[in-house]
Amino acid sequence: MITIFEKIDSNNINMDLIEKAAGILRKGGLVAFPTETVYGLGADGLNASACKKIYEAKGRPSDNPLILHIGNISQLKDIVCDIPECAVKIIDRFWPGPVTLVFRKKSIVPDSVSGGLNTVAVRFPSNPVARAIINAAKTPVAAPSANTSGKPSPTRAKHVLHDMDGKIDMIIDGGSCEVGLESTIVDVTGKKPVILRPGGITKEMLEEVVGAIDIDPAVYKALSAGEKPKAPGMKYTHYSPDAEVFLVKGEKSNVAEKINQLVKQDMENGLKTGVMCLNSNAGLYKADMVVGVGKNMRQAGKALFDILRDFDENKVNKVYSEVFEETGEGMAVMNRLKKAAGYKLIEA
């Protein structure tokens, strides 16, 4: 398959290009496109065979649910059974935007989208290119991140091209993604909303709108082998570069001493090393690549996947990361880092 690669200006959208992408989706093809979070790999979300192509292109486990993206609110009633009051409050405050809601699904939603569950995850993206494509396709679009399953999510079209060239029909380059982490996922099917995956819309922001909200235990630890994931990113190792990643926890001086000790041993064994840390701590480390993730966790979230892919481009063998506070956006950053590291934690 020859993958078409086209650039688009989100401030001056080429509708001929949008219609070309929508036509591919209507015919059961796959199109990668930008959202405000990461690049999505889109298929007609009501076409079971088209959605199966997503799993094939990504090498994605079939029990890992997909998210349906809508281009306008009116599409929601076609795919979900009911819209609880807490969901209405979240929708009014945060849609369109980087938050996904899990509803009880209607039978029109294929099992290949829901991972065999009776629920479906739905998002209304704010990116104008994404919304234009979905509306032109005239169907909800299933769109997980446009990367090889398990690898860092793509925040630039070049990342998609690296992973998906020759596997999908089209890539639309709309520039770098604004948020850089996948959407927050909230289950609204129970008595109390539950965060299944943290993101840029934080627990604190959600609680301002709906009151107390729970956090699924899988946000902090791996699911056991027999557990079925309720939403994307809950069960499997994700976001991992080719390098082996380790998290190092403790007092700042102890963490720096421990990481430098490990880096020295790795270098003596001929390995190339990388360190991820807050910008203010970068001078403490002596690895081959020392990368500051930003001044705060919002900046870290936007930069994280770019940094992990940069380690791959530079053939880094081992990466050590500081452990960050799990509050606000830090919860989402640490969720992704734990999965990237396969939950390997070193106490300093």
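The values are calculated or read from the model by the stated rules, or taken from the named source; none is laboratory data. Predicted model only: the values in this text are computed from it and were never measured. Cβ coordinates were reconstructed from backbone atoms using ideal geometry, including for glycine residues, and neighbour counts include every protein chain displayed. These accessible areas exclude ligands, DNA and RNA; they are computed on the full protein's heavy atoms, side chains included. Shrake-Rupley method; radii C 1.70, N 1.55, O 1.52, S 1.80 Å.
Checked against (1) farther than 14 Å from Pro110 by Cβ; (2) buried (at least 18 other Cβ atoms within 10 Å of the Cβ); (3) small (Gly, Ala, Ser), Gly45 passes all but a single condition, namely (1). Looking across segment 182-198 at every residue that is in contact with a Pro (Cβ under 8 Å, 6 or more places away or on another chain) and crowded, with 24+ Cβ neighbours inside 10 Å, the one that is nearest to Cys81 (Cα to Cα) is identified as Val188. The single residue among Ile24, Ile13 that is of a type in the set (Val, Ile, Thr), assigned to a helix (DSSP H, G or I) and under 23 Å from His159 (Cα atoms) turns out to be Ile24.
Checking each residue of segment 152-160 against the condition of being open to solvent by less than 10 Å² (accessible area, probe 1.4 Å), hydroxyl-bearing (Ser, Thr, Tyr) and touching a residue at least 40 places away in the same chain (Cβ under 8 Å) gives at least one match.
Checked against (1) surrounded by 14 or more Cβ atoms within 10 Å (Cβ to Cβ); (2) outside any helix (DSSP H, G or I); (3) in contact with a helix residue (DSSP H, G or I) (Cβ under 8 Å, 6 or more places away or on another chain), Thr37 passes all but a single condition, namely (3). Taking helices (runs of 4 or more DSSP H) as the structural unit, those lying wholly within segment 109-210 and holding at least 2 residues that are at pLDDT 95 or above correspond to 128-137, 157-164, 203-210. Candidates are the residues of segment 281-297 that are under 24 Å from the mean Cα position of the chain (by Cα) and small (Gly, Ala, Ser); the one that is surrounded by the most Cβ atoms within 10 Å (Cβ to Cβ) is Gly292.
Would it be correct to say that Ser62 is open to solvent by 20 Å² or more (accessible area, probe 1.4 Å) and either of a type in the set (Val, Ile, Thr) or farther than 14 Å from Ser112 by Cβ (or both)? Judged against the criteria, Ser62 is not a match.
Every condition in (1) open to solvent by 30 Å² or more (accessible area, probe 1.4 Å); (2) within 18 Å of Gly150 (Cβ to Cβ); (3) more than 19 Å from the chain's Cα centre (by Cα) is met by Val316 except one, and the failing one is (1).
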